[in-house]
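Enquirer: So that we are looking at the same thing, I have put the structure below in structure tokens.
Read-outs throughout are calculated quantities, based only on the coordinates presented, and are distinct from any laboratory measurement. Since the model is a prediction, treat every value here as computed from it, not as a measurement. Positions of Cβ are backbone-derived with ideal geometry, glycine not excepted, and every protein chain shown enters the neighbour counts.
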Amino acid sequence: MSLIVQKYGGTSVGSVERIQNVADRVIAARRQGHELVVVVSAMSGETDRLLGLARGIRANIDGRELDVLLSTGEQVTIALLAMALEAKGCPARSYTGAQVQILTDSAHNKARIRDIDGARVRRDLADGKVVVVAGFQGVDEMGNITTLGRGGSDTTAVALATALKADECQIFTDVDGVYTTDPRVVPKARRLDRITFEEMLEMASLGSKVLQIRAVEFAGKYNVPLRVLSSFQEGEGTLITFEEESMEQALISGIAFNQNEAQLTVAGVPDQPGVAYRLLGAVADANIEVDMIVQNVGADGTTDFTFTVHRNDFEKALGIVHSRAEALGARQVTGDDKIVKISIVGVGMRSHAGIASKMFEALAAEGINIRMISTSEIKISVVVDEKYLELGVRALHDAFELEQPRSGQ
Ligand code: ADP
Ligand code: ASP
Ligand code: MG
């Protein structure tokens with residue numbers, strides 16, 4: 001008998017009918033002889049609705065009480081799923097994160113899981129029950145409710161699978177696997193049978209929301225077999241694997257994009273030691289994460305400095321940079337939040353030259369101007385005007401022939 005952790009996302013539990021459908025799937029898996037732990041998200045739109053209520057009280061609200069509020073979304077779906085299972089004759093028990101002791105640090109709204117006490121879950125499984133656990137939430141040492149950041153139910157599922165030494169962690173969602181890019185933007189996108197952890201990690205960190213990045217990190221670190229599947233149709237989905245020889249032929253596995261960034265430029269800063277530190281140090285002190293950074297070669301004793309931050313932090317970062325720029329004697333500060341970062345990802349990049357020029361050629365052919373570029377071993381990212389998002393992603397999808405099945409698949 002194998003132990004499977006299944007996770008169902010918001011769309012998959014978006015109505016009572018859909019919850020019944022999830023119950024049927026769980027029962028079918030159980031009939032095949034598996035033990036089942038099921039993690040659920042809040043009903044689709046619910047977390048946003050709750051956030052909206054909180055923002056009605058204070059814009060930019062965060063912290064402890066927000067977690068108390070947001071965690072209620074998942075408490076509704078665990079109860080409904082357990083009821084649906086019981087009504088269909090399948091013994092089930094639901095638990096909040098605090099009840100199964102998903103112990104986290106105290107970083108409200110973006111807590112990290114430290115430990116899970118699997119004893120209660122194991123006892124219920126031994127009693128022949130399906131255990132239903134609320135995703136996205138935990139509890140800190142002081143008993144405060146915490147949440148794990150948007151998309152965090154994926155991480156709950158992987159962490160539970162690790163703690164319980166499950167045989168597989170299955171992420172059920174509204175698409176039937178991981179695609180070469182978001183199928184909502186490129187209808188020609190192709191489902192991948194397999195993708196490496198490394199590539200999935202890059203895709204997630206570069207904006208593909210199909211899996212939360214921490215879930216991929218966790219699964220890679222603890223070697224949890226992870227699969228993305230559809231809750232609406234049958235199929236093998238996409239298996240996230242360690243690198244295999246047969247996977248090396250593909251140059252590029254996928255294209256990710258991030259529409260949540262904004263760009264800031266400080267022009268004409270003195271080309272002196274300590275300038276980057278004084279500018280970005282102040283931004284970091286305000287707890288603002290900086291993503292891409294570009295500094296030009298100095299000319300005439302001055303240089304230009306461009307970096308990107310999350311759009312939510314744009315105004316705040318602009319204020320900080322304005323105040324610093326004056327002290328530094330910079331010529332001008334400009335900002336733009338109508339940008340998008342498009343990235344191509346693939347382990348094949350390691351062994352092939354010319355990928356970057358092919359990317360730039362494809363964008364140039366569409367008249368798309370590149371504002372910033374950054375590269376790492378298995379990815380190349382460009383920042384372009386927001387209006388070029390779809391055109392850019394489609395052009396790259398065509399240029400790298402991603403609709404063609406890659407060898408070994
Ligand atoms: P859930 O609510 O089930 O967690 P999400 O909305 O978080 O679902 O993630 C699924 C969505 O991720 C898909 O509907 C799809 O639009 C989007 N997505 C982005 N990039 C990809 C990709 N490369 N492959 C598949 N889906 C992707
Ligand atoms: N309900 C949470 C969210 O919308 C967590 C999740 O769905 O994974 O972000
Ligand atoms: Mg999600």
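Enquirer: Between LYS338 and MET1, how many nm apart are label points set 7 Å from Cα along the C-beta direction?
Expert: Placing both labels 7 Å along Cα→Cβ, they lie 6.0 nm apart.
Enquirer: Starting with the highest mean, order 281-292, 126-137, 153-164 by the number of other Cβ atoms within 10 Å, averaged over the residues of each peptide.
Expert: 153-164, 126-137, 281-292
Enquirer: If you don't mind, there's one more thing I want to ask. Using the reciprocal of the averaged 1/r over all distinct C-alpha pairs, how large is the Kirkwood radius of the chain in Å?
Expert: For the chain, the Kirkwood estimate is 22.9 Å.
Enquirer: Choose one of ASN312, THR147, VAL178: the residue whose Cα lies farthest towards the positive end of the charge dipole of the chain (beta-carbon charges +1 Lys, Arg; -1 Asp, Glu; about the Cα centre).
Expert: Of ASN312, THR147, VAL178, it is THR147.
Enquirer: A follow-up question, please. Mind sorting PHE307, PHE314 by how few other Cβ atoms lie within 10 Å of their own Cβ, fewest first?
Expert: Ascending number of Cβ neighbours within 10 Å: PHE314, PHE307.
Enquirer: What FRET efficiency do you get for ALA353 and VAL290 if R0 is 30 Å and r is their Cβ-Cβ distance, rounded to the nearest 0.05?
Expert: Calculated value: 0.50.
Enquirer: Same structure again: At 18 Å minimum axial length over the Cα atoms and a Kyte-Doolittle cut of -0.5, report the qualifying DSSP H helices in the chain, or say none.
Expert: Within the chain the helices that satisfy the rule are 16-31, 64-87, 314-328.
Enquirer: Let me ask another. List the residues, sorted by chain then number, that are 5 or more residues from ILE339 or on another chain and whose placed amide H is less than 5 Å from its amide H.
Expert: Under 5 Å from the amide H of ILE339 lie the amide H atoms of GLU386, each far enough along the sequence or on another chain.
Enquirer: Exposure proxy check: SER71, SER230 ranked by fewest other beta carbons within 10 Å?
Expert: SER230, SER71
Enquirer: Also: Using a 10 Å cut-off around each Cβ, can you sort TYR388, TYR222 from fewest to most neighbouring Cβ atoms?
Expert: Arranged by neighbour count, lowest to highest, TYR388, TYR222 become TYR222, TYR388.
Enquirer: Show me, for the stretch 338-347, the HN-Hα J-couplings you get by feeding each phi into the Karplus relation (A = 6.51, B = -1.76, C = 1.60, θ = phi - 60°), rounded to Hz, glycine and proline as x.
Expert: 3J(HN,Hα) across the stretch 338-347, in whole Hz: 9, 10, 9, 9, 10, 10, 9, 10, x, 5.
Enquirer: Hey, another quick one. Tally the DSSP beta bridges in the chain and give the antiparallel ones as a percent, rounded to 5.
Expert: In the chain, DSSP labels about 60 percent of beta bridges as antiparallel.
Enquirer: So which of LYS7/LYS165; LYS129/LYS221; LYS316/LYS338; LYS7/LYS387; LYS7/LYS110 end up more than 25 Å apart by C-alpha?
Expert: Correct reply: LYS129/LYS221; LYS7/LYS387.
Enquirer: In deg cm²/dmol and to the nearest 500, what is the mean residue ellipticity at 222 nm of the chain if only DSSP H runs of at least 4 residues count, each as -39500 (n - 2.57), divided by the residue total?
Expert: That comes out to -10500 deg cm²/dmol.
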